[in-house]
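A.B. asks: Please find one structure pasted underneath; my questions will follow.
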Amino acid sequence: MSEAPSEARGGTRGDASGNASARPPAPPAIELTGLSYSYPDGHRALRGITLRVAAGERVAILGPNGAGKSTLCLHLNGILEATDGTVSVCGLPIAGADGRVKDIKEVRRRVGVVFQDPDDMLFMPTVEADVAFGPSNLNLPEDEVRKRVERALGAVGMEGMGERSPHHLSFGQKKRAATAAVLSMEPEVLVLDEPSSSLDPRGRREFGELLAGLDQTIVMTTHDLPYAHELCERAVILDGGRITADGPTDEILGDAGLLAAHDLELPHGFVMDHH
Ligand code: ADP
């Protein structure tokens with residue numbers, strides 16, 4: 001029998017890890033309810049999206065051009081604000097029409113967005129400076145920033161390339177550097193808009209391996225159905241600003257009628273190896 005007071009158990013390390021069984025369940029990584037969005041010109045890009053992504057899930061957002069995929073991504077860290085409905089990430093509400101208080105800085109610390117074009121994300125003279133940019137803005141101690149930069153460059157296989165100029169990298173390397181710049185914020189959720197677009201076959205494979213090795217919750221839009229199959233156990237089809245299907249990726253991609261109805265095509269001869 002232990003004489004230690006019960007609050008000493010698991011509560012002495014000064015962090016939030018404590019005892020796993022005593023912790024309340026993690027809030028969903030993403031929770032959208034009735035999310036609608038109209039661009040300032042009146043174009044209604046999202047029409048009542050309800051979607052819940054659990055912590056640790058990997059979800060592919062599929063759909064034809066103009067479906068609203070990028071618009072959806074831009075809501076996940078508060079770049080765009082809902083016209084109607086609500087958006088929460090990691091239990092933090094981003095204000096919708098109800099005008100709830102939001103902490104956008106905290107939201108952006110938890111959710112990292114990797115845009116399609118890495119040139120939109122790299123603007124410093126060196127890779128290292130780009131990767132350090134986010135953590136430096138969190139006012140972290142210098143050695144913590146350095147550690148994060150090293151870890152992030154390691155996670156994308158760019159150790160020792162910190163001194164390079166982002167502008168002189170290949171497209172695949174730029175993509176990895178841009179991803180490192182997001183990972184250095186140590187986000188819980190990673191949102192990727194068309195991660196494989198413009199990558200050559202090797203760059204596509206290497207970037208896929210990198211993503212497969214991450215433990216973040218992942219939401220990615222893609223036209224690349226084999227990539228979705230490889231990396232995400234769940235797929236959602238978005239069309240006309242609405243979710244029209246949501247289920248295991250195997251099932252969604254195995255439904256030829258569903259794919260055809262939304263202008264989605266598997267490459268000729270693609271054979272699905274079931275997970
Ligand atoms: P996707 O990523 O699925 O191709 P988008 O989210 O980019 O789709 O676009 C959804 C719809 O919103 C499209 O009809 C598109 O033309 C429109 N749209 C996108 N950006 C804007 C904008 N800045 N202003 C007005 N309409 C826009």
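A.B. asks: Taking only Cα atoms and a 10 Å spring cutoff, compute GNM fluctuations for the chain and point out the largest among Gly213, Gly134, Gly42.
C.D. replies: Gly42
A.B. asks: Moving on to the next point. Taking H as built 1.01 Å from N, whose amide H comes closer than 5 Å to the amide H of Gly78, not counting residues under 5 places away?
C.D. replies: Answer set, sorted by chain and number: none.
A.B. asks: Could you tell me whether the stretch 94-246 comes out rounded, prolate or oblate from its Cα gyration tensor? Rule is a ≥ b ≥ c as square roots of the eigenvalues, rounded for a/c under 1.5, then prolate if a/b exceeds b/c, otherwise oblate.
C.D. replies: Since a/c reaches 1.5 but b/c is at least a/b, the shape of the stretch 94-246 is classed as oblate.
A.B. asks: Give the long-range amide H neighbours of Ala60: residues separated by 5 or more places, or on another chain, with amide H under 5 Å away, using H modelled in the peptide plane at 1.01 Å from N.
C.D. replies: When sequence neighbours closer than 5 places are left aside, the close amide H contacts are Met220, Arg234, Ala235, Val236.
A.B. asks: With springs only between Cα atoms under 10 Å, which of Ser184, Ser170, Ser88 fluctuates most in a Gaussian network model of the chain?
C.D. replies: Of the options given, Ser170 has the highest mean-square fluctuation.
A.B. asks: List the relative contact order of the chain as a percent without decimals, with contacts defined as Cα pairs under 8 Å and 6+ residues apart.
C.D. replies: 22
A.B. asks: How many percent of DSSP beta bridges within the chain run antiparallel, rounded to 5?
C.D. replies: The answer is about 55 percent antiparallel.
A.B. asks: Can you give the % of DSSP beta bridges in the stretch 116-275 that are antiparallel, to the nearest 5?
C.D. replies: 55
A.B. asks: Sort the stretch 233-275 into rounded, prolate or oblate with this rule: let a ≥ b ≥ c be the square roots of the eigenvalues of the Cα gyration tensor; rounded if a/c is under 1.5, and if a/c is not under 1.5, prolate when a/b is larger than b/c, oblate otherwise.
C.D. replies: oblate
A.B. asks: Hey, another quick one. Tell me the label-point distance for the pair Ile104, His268, using the 7 Å Cα-to-Cβ offset, in nm and rounded to one decimal.
C.D. replies: Taking the two extended label points, one gets 4.8 nm.
A.B. asks: Please say if the stretch 115-182 is rounded, prolate or oblate, where rounded means a/c under 1.5 for a ≥ b ≥ c the square roots of the C-alpha gyration tensor eigenvalues, and otherwise the choice is prolate for a/b larger than b/c and oblate otherwise?
C.D. replies: prolate
Bear in mind that the values in this text are calculations on the coordinates, not laboratory data. Since this is a predicted model, take the numbers as computed values, not measurements. Cβ coordinates were reconstructed from backbone atoms using ideal geometry, including for glycine residues, and neighbour counts include every protein chain displayed.
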